[in-house]
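Only one structure is covered here, and it is reproduced in the block below.
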Amino acid sequence: MLTQTLSLNRFRLLLWGLVCLSGIVLAQPPRGPLVVSPQVNADKTVTFRYLAPAAKEVRLSAQFEKAPVPMTKGDQGIWSVTVGPVKPDIYPYSFQVDGVTVMDPANVAFFPNERFKASLVDVPGDTPLIHAMRNVPHGSVNYEYYPALEGTTGSLVVYTPPGYDQNPTKKYPVFYLISGTTDTEETFFKVGRTNLILDNMIAEGKAKPMIIVMPYGNIAARVAEQKGGSKPADPTVRDGADAVKRANDFATDLVSHVIPYVEKSYRTLSNRDNRAIGGFSRGGGQTLRTAFGNMDKFAWVCSYSSYLSPTEMDRSFPQIGSNPDNTNKQLKLLWVSVGSDDFLYKGTVEFMDYLKAKKVNYKSLITDGGHTWMNVKKYVAETTPLLFQ
């Protein structure tokens, strides 16, 4: 009887082990062959690979290519292509698999965005680029939640400079930095590498230590999401009534909610001379509208690949051009930059011509290239040394 009991217990244990093992096996994704992608080669060419045994066509879509590049199917169903050499920088890319755009599953680096999901490839320079990870003191990046507009909860990414935690009495100026249409609060961090740019520039003595606050710019989407509604489409007219209302809502949220939260939670120098605002694309428009509507809050203004039309300037912010002496006295920096191939180039140049005609002082930079985050990194690297000087 004792022998039968022991045998039954062994059977039960064996059965339980098999059940657990099968659960572990089922919980694991199918492994398949190892895929290495992207592979940056010594000559700056880049090899991309994608596992799709059943696919009929796979193409590489990359921001350094003018058109999608066909890939070749090899052993085990791995498609591949080598392109370049590629100019050192960080680029978004994706794969088109039988007409469907997908990220690179072999790559953990991705582009945070509301619409598209691209992967990122970092082609390093022979000399480390300004956004590269270097052996210098590094700051911290924190994720924050704050009580926001219409009873919602807003999200922020906050960079604090090297030494912030080691010196509990020192206070810092703040740069509010806003991403573009469909971008998230993570984009300036994960794609723009703003934290590494500042780490490197501070280490070189080119920029003052500062706190950088990166908010989410799509207030309407956040309100809809948290109140059970559908995310609204983006405005179709840049200076139309809907776009202006959304920009005003963002300004209200930033001034009434974000700034008080940041100044309560971090050691800030809380006055306009130590407060800057900047943004890319839609974030640049939000920057200009927020700054021009709150001249008592910001002394440093940076517009990257964006503008306000002369009509909107005269309608909504007539004081900027009608009293240029006062504007020039209030603004320690008004920066406007754009790429020569940017689809917003014409409007941005018209904005600069308006400022010039009204005798409003500004600094500008026109670069090669288009409406890209490669250019945004350049603009951040050019403007941050000018802030708080």
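The values are calculated or read from the model by the stated rules, or taken from the named source; none is laboratory data. None of the values given here were measured: they were computed from a predicted structure. Ideal geometry is used to build each Cβ from the backbone, glycine not excepted, and the neighbour counts take in all protein chains shown. Surface areas here come from the heavy atoms of the whole protein model, side chains and all, with no ligands, DNA or RNA. Shrake-Rupley method; radii C 1.70, N 1.55, O 1.52, S 1.80 Å.
Exactly one residue among LEU177, LEU198 is of a type in the set (A, V, I, L, M), surrounded by 22 or more Cβ atoms within 10 Å (Cβ to Cβ), at pLDDT 95 or above and in a helix (DSSP H, G or I), and that residue is LEU198.
The residue that is farthest from the chain's Cα centre (by Cα), counting only those in the stretch 341-362 that are within 24 Å of ALA299 (Cβ to Cβ) and aromatic (Phe, Trp, Tyr), is TYR354.
Checking each residue in the stretch 280-297 for being free of Cβ contacts under 8 Å to residues at least 60 places away in the same chain and either surrounded by 24 or more Cβ atoms within 10 Å (Cβ to Cβ) or in a helix (DSSP H, G or I) (or both) picks out GLY285, LEU288, ARG289, THR290, ALA291, PHE292, GLY293.
For residues in the stretch 103-125 being open to solvent by 40 Å² or more (accessible area, probe 1.4 Å) and part of a strand (DSSP E or B), which is farthest from PHE48 (Cα to Cα)? Going through the qualifying residues, I end up with PHE110. Taken over the stretch 210-230, the criterion of being crowded, with 18+ Cβ neighbours inside 10 Å, of a type outside the set (Lys, Arg) and touching a residue at least 60 places away in the same chain (Cβ under 8 Å) is satisfied by MET210, PRO215, TYR216, GLY217, ASN218, ILE219, ALA221, VAL223. Quick check: is even one residue across the stretch 163-171 surrounded by fewer than 20 Cβ atoms within 10 Å (Cβ to Cβ), in contact with a Leu (Cβ under 8 Å, 6 or more places away or on another chain) and farther than 17 Å from PHE280 by Cα? Yes, that holds for at least one residue. Screening the stretch 126-143 for residues that are touching a helix residue (DSSP H, G or I) at 6+ places or on another chain (Cβ under 7 Å) and open to solvent by 40 Å² or more (accessible area, probe 1.4 Å) and picking the one that is nearest to GLU185 (Cα to Cα) gives VAL141.
For the stretch 332-381, a residue qualifies if it is in contact with a Gly (Cβ under 8 Å, 6 or more places away or on another chain) and acidic (Asp, Glu), and the qualifying residues are ASP341, ASP342, ASP368. Condition first: at pLDDT 95 or above, open to solvent by 20 Å² or more (accessible area, probe 1.4 Å) and among the small types (Gly, Ala, Ser). Now tell me which residues in the stretch 347-380 satisfy that. Hits for the stretch 347-380 are ALA357, SER364. Selection of first residues in the stretch 251-279 that are polar (S, T, N, Q) and of second residues that are open to solvent by 30 Å² or more (accessible area, probe 1.4 Å), restricted to Cβ pairs under 9 Å at least 6 apart or on distinct chains, gives the following pairs, ordered by first then second residue: SER265/GLU144; THR268/LYS171; THR268/ASN274; SER270/LYS171; SER270/GLU263; ASN274/LYS171. Select from the stretch 51-91 the residues that are of a type in the set (S, T, N, Q) and not in a strand (DSSP E or B) and write down the one among them that is most open to solvent (accessible area, probe 1.4 Å). Going through the qualifying residues, I end up with GLN76. So for the stretch 312-324 (the condition being more than 20 Å from ILE211 (Cα to Cα), buried (at least 17 other Cβ atoms within 10 Å of the Cβ), among the aromatic types (Phe, Trp, Tyr) and more than 21 Å from the chain's Cα centre (by Cα)), does at least one residue qualify? Yes, some residue in the stretch 312-324 is more than 20 Å from ILE211 (Cα to Cα), buried (at least 17 other Cβ atoms within 10 Å of the Cβ), among the aromatic types (Phe, Trp, Tyr) and more than 21 Å from the chain's Cα centre (by Cα).
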